[in-house]
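To keep things clear, I will list the structure first and then write my remarks on it.
Values quoted throughout were computed directly from the atomic coordinates according to the rules given, and no laboratory measurement underlies them. From a predicted model like this one, the values you see are computed outputs, not experimental measurements. Note: ideal-geometry Cβ built from the backbone for every residue, glycine included; neighbour counts use all protein chains shown.
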Amino acid sequence: MKQRVILLSVMFVLLLFTAPVLAVGGGITIEINGSVYTPEVAPVLENGITYVDLASIEKIIGADIEAKGNSLTIVKNQNVLKLQVPQNSAYLNDNEIKMPAAPFIKDGEIMVPLRFTLENLGAQIGWDQTKKTVTVAYKETRNGMSADELLVKSSEKLMQFNTYKMSGDIKTDMEMLVTGEETASVNIGMNIKAESFYQKEPLVIYTKQKISMSGQGIPAELQDMTAESVLKEDVYYTKLPNQGWGRMDLSEFNFKELIEQYNTQDPATMLKMMKDFGINSTFGNDITIGGKEYWVIISTLDKAKFAQEYQKMLEQLAPGMPGVDVNQLMNKTDFNIYYYKTYINKQSLLSEMIEMKTDMRLNLKNSEPTDKSAENIKMNASIEYNIKMSDFDKPFTLPDLSSAIDMDEILSKTDVN
């Protein structure tokens with residue numbers, strides 16, 4: 001039973017993006033340029049003042065933050081704001097200013113007054129008492145482009161190449177509980193070194209993943225393994241641990257059509273799509289890495305808007321998933337991207353590095369409570385990505401897929417009990 005749980009956990013991470021359901025919880029809401037931002041640490045409202053953690057200041061306005069003990073330095077462009085816990089005196093560009101309230105520590109997190117901090121770094125702050133919503137308005141440009149416009153420009157540059165490579169690390173911490181006739185639970189740490197090769201015409205996506213797992217009860221054969229998959233047009237190939245290549249026809253899912261629609265979008269359509277999905281982007285401070293100069297863009301998601309648009313996307317795939325209720329699926333999954341950081345090369349305008357942190361929760365309940373053999377599955381995962389883009393317009397070699405057999409045949413031979 002436990003081996004089955006572990007295999008389910010592996011498949012969950014390999015398929016990473018499940019349909020998200022997103023209901024913003026109670027308490028204080030933060031809107032950035034009209035999109036809701038959900039921080040990892042909940043804001044605190046105390047004596048009429050909203051406090052947020054330091055990571056939220058970074059995500060909202062793109063500031064760099066240094067904390068040494070109780071001393072804080074927050075840098076945004078040319079502005080340097082220095083704070084001290086628990087003092088209500090601060091320094092902005094070496095000029096002393098008074099704070100309405102002092103920073104404090106709550107559950108190990110340093111909390112700072114949101115309005116005071118962001119307004120002194122250039123943002124405009126509003127408050128809707130009825131909705132308990134903080135509104136943040138902040139815009140800046142690089143080379144005359146907003147963060148959204150620069151992301152679109154970088155995407156256009158990428159689409160000029162027929163091939164490219166993505167490589168990097170994916171770190172996952174996961175808890176999974178399966179109940180039914182038997183109960184099993186596992187806590188898994190998973191480190192994945194991944195390479196993904198993309199070809200636009202004809203469509204090919206080839207992915208290789210080296211997976212290292214740690215946790216109680218993980219069989220030796222699953223502690224270190226390799227997974228491979230290939231998407232060629234509308235045919236998907238996968239190589240499971242200790243198995244050969246399997247083949248699955250995905251023509252009914254319209255994957256190829258969806259990817260082609262994305263690749264051929266004009267800038268105006270892409271900007272609208274970003275707005276519809278609730279993507280809010282702001283510039284971080286420029287940075288130099290390995291002698292290359294980069295613009296840094298930090299993006300966050302409005303969970304409700306993202307859920308609405310993601311559901312529309314799933315509904316386009318629904319004809320290829322008979323028996324799947326999209327609404328029901330979304331009501332079982334919670335998904336949140338805390339941040340998505342893109343490094344754009346100033347010279348080439350290509351996005352060369354990407355960092356992302358996300359949480360995912362899945363709750364699949366047995367629809368027939370009288371059937372004790374059926375399983376309920378709960379899964380929580382925290383995932384961090386560090387990805388590099390390279391090998392633009394360089395060819396790559398696919399594995400030999402000529403002996404691939406139908407996936408149903410492979411699964412029928414696999415004993416996961």
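Some values worked out for this structure:
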read-out	value
Nearby aspartates and glutamates by direct alpha-carbon distance to residue 59 (threshold 14 angstrom, same-chain neighbours under 8 apart not counted)	31, 40, 302, 355
Two-site label geometry, residue 124 and residue 288: point separation in nm, points 7 Å out along Cα→Cβ	3.6
Residue-count net charge about residue 386 - beta-carbon cut-off 9 Å; Lys, Arg +1, Asp, Glu -1	-1
Set of lysines with alpha-carbon distance to residue 193 below 24 Å, sequence-local pairs under 8 removed	165, 171, 208, 210, 232, 239, 341, 357, 388, 394
Spacing of the two label points (7 Å from each Cα toward its C-beta) at residue 248 and residue 276, in nm	2.7
Estimated dipole of the stretch 34-137 in Debye, rounded to 20 [Cβ of Lys and Arg +1, of Asp and Glu -1, Cα centre]	200
Full-stretch length increase - residue 406, residue 95 - with 0.36 nm per residue and alpha-carbon distance subtracted	104.9 nm
For peptides 65-71, 159-165, 305-311, sequence by mean Cβ density within 10 Å, most packed first	305-311, 159-165, 65-71
Cα convex hull of the stretch 34-137, projected area averaged across orientations, nm²	6.4
Among 199-207, 397-405, the order from most to least packed when residues are scored by Cβ within 10 Å on average	199-207, 397-405
Most positive-pole-ward Cα, 191, 155, 211, against dipole of the stretch 148-225 from beta carbon charges	155
